[in-house]
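I have placed the structure first, in the form of structure tokens, so that the comments after it can refer back to it.
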Amino acid sequence: MSCIQDSLPGIAHRVFRKTAQNNKLCLYLGNRDVVVSNSSSTKIHGIVLVEPDLLRDTKKKVFGQITLTFRYGREDEEVMGLKFCNEAIMCLAQIYPPHENAQREQNTPLQEMLIQRLGSNAHAFSMEITHLAPPSVQLVPAKEYNGAPIGTSYDIRVYIAERADEKLQRKNIVKMGIKVVQMASAPPPPTPTPRSDQPKGWRQRGPQATSEKPFLLSDGKVTLEANLDKAIYTHGDPIHVNISVKNTSKKAVRRIKVFIVQHVDVCMFSNGKFKNTVASDECADVPIPGNGGSLEKEYLLHPIKARTKNWIALEDSLGSAVNKSEGTLSSTVVCVSPEDRNVFAIYVTYYVKVKLLIGAMGGQMSLKLPFTLMHTPSNTYPAECKDASCTSLGPCLMVDSKEAAMTSEEQCTNNLAL
């Protein structure tokens, strides 16, 4: 990774670079995030630097492809040729020489700047995947694991061959991980929910729900109402949960617990569903007595990764395995309709659950408030570089602050294997 000085004074761009084992093929990317929405996806723009001696044979061509890798099992359990991994080519392009039927696209300012610096052996390319591509999600097992990352991941591969489907040698391949993310644009339409009289000061801004629990052998009931301050949260935002409890029964509410659950659905398997608690809090203002007792309280929850008994979904680490003490929680991955379920997709949802425990054999009651945890343009893209080692003359614009922790040049190791 290096900083390239722009034509504008005092402005630099963060560029990702990776070199093949033969040191004759180099890939440059200005962005490793592909943003998909309901009807479109952003393009990957890059530069390939090729040594002239690799193309002396006129039959040789430079190809590029975006590959989806879905790993559904631990690498250390693969024996006797068994592979818990599937691959699918999402995009294939002939970079050099350009195909005669290919549509010529205008180079971006960053590509023009790199071509001026690298010379005539640098070739620009643009690649795009379908908006139906499943977002990148990495699953971390409950037990310690240091193998290849499990889940849905993507990478861009550039290689030299006579045909696109030719068997390749590692020395002629360069591979760099990329990430496909869903972007939050607007909150979903609210679902009408029958509610009782709202207390004074009640804020109806996000998801809301109401639950009532009557009793068979006694009069009165317990009414629980809860809402969130908004429907879509960005990573790092606190989640405000407002609850209101009214107890007109003769039983006391002994315990109130509020927690956030991450629900993961691996489409490839019918039993690939599991849940994890990523934040929790308990109310100390109990018990709530019967015959008119009430409580109004606001909880502040911060969803974070923690030790869990099940597999947990985290953000894709771009080709390296992470443990539960590293990385961030995965963004919400939603399925528009059951007909659009992708076999390679891992759907992740979040919801707040409020649970009440009622004494004197009253049982318990609960309700759920679903919400969306996603990236937005304000927290995913341009951010000022705070890296003291950056040698740029001005503010360094980087795609994501997490990317800045990478080495200046990634060497081709096990990531080059097809």
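What follows draws every value from the coordinates through simple rules; no lab data is involved. Worth saying up front: this structure is predicted, and the values here are computed from it rather than measured. Here Cβ is always computed from backbone atoms with ideal geometry, including for glycine, and neighbour counts include all displayed protein chains.
Annotations for the structure displayed:
- Euclidean distance of C-alpha centroids, the stretch 101-137 and the stretch 20-67, integer Å: 8
- Listed by chain and number, the lysines placed with their C-alpha closer than 22 angstrom to that of Lys368 are Lys213, Lys221, Lys230, Lys246, Lys257, Lys273, Lys275, Lys297, Lys305, Lys309, Lys353, Lys355; residues fewer than eight positions away on the same chain are left out.
- For the stretch 65-164, averaging the sequence separation of C-alpha pairs within contact (under 8 Å, six or more residues apart) and dividing by the residue count gives a relative contact order of 41 percent.
- Sites matching trypsin sites (Lys or Arg not before Pro) across the stretch 145-187 that sit in DSSP coil, with at most 14 neighbouring C-beta atoms within 10 Å: Arg163, Lys167
- Put simply, the C-alpha atoms of the stretch 254-339 give a gyration tensor, and the ellipsoid matching it has half-axes of 34, 17, 12 Å, longest first.
- Over the stretch 1-120, the reciprocal of the mean inverse Cα-Cα separation, the Kirkwood hydrodynamic radius, stands at 17.4 Å.
- When each of the peptides 13-24, 272-283, 101-112 is scored by how many other beta carbons lie within 10 Å of its residues on average, the order from highest to lowest is 13-24, 272-283, 101-112.
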